[in-house]
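Please treat every number below as a calculation from the coordinates, not as lab data. Just so it is clear, the model here is predicted, and its values are computed rather than measured.
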């Protein structure tokens, strides 16, 4: 048994569009943008949203998209569970994985870092 929780919706955009995308979604969700130093992310704090929301600069390589971040306390077990549901691993790192659902939508599996994990995660497996 391990635990999972949808932590965040990430709005991905090419670097050339990240400011306009961040401004739009901050306004749309009545949020305050907070760049994360040294990272390509801008947290949209206090958004009118259940999950956290952020924007991410993709550089110039990919077009705009959304992806989800899911926290888990057992990366290997969660990868295996989701592969059983039809997902595939796109890229595996030591502490997280980028995966693709059965129709090609990206999502990430990450270790638990949010304060809500202890109270809002759910046991699976």
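Tell me, what is a quarter of the convex hull surface for the C-alpha atoms of region 36-89, in nm² with one decimal?
Computing the convex hull of the Cα atoms and averaging its projections yields 5.7 nm².
Express the relative contact order of region 2-124 as a whole percentage, based on alpha carbon pairs under 8 Å and six or more residues apart in sequence.
30
To the nearest 10 degrees, how steep is helix 75-84 against the longest Cα principal axis of the chain, on a 0 to 90 scale?
80
So what is the calculated 222 nm ellipticity per residue for the chain, using -39500 (n - 2.57) for each DSSP H run with n of 4 or more, over all residues, to the nearest 500 deg cm²/dmol?
-5500 deg cm²/dmol
Could you please state, rounded to a whole Å, how far the C-alpha centre of region 40-80 is from the C-alpha centre of region 99-125?
Distance between centres, Cα-based: 10 Å.
Once P(r) over Cα pairs in 5 Å bins from 0, in percent is worked out from the coordinates, which option in [x] 2, 11, 19, 22, 19, 15, 9, 3, 0; [y] 2, 9, 16, 16, 12, 8, 7, 7, 5, 4, 3, 3, 3, 2, 1, 1, 0, 0, 0; [z] 2, 11, 21, 24, 21, 12, 6, 2, 0 does it equal?
[x]
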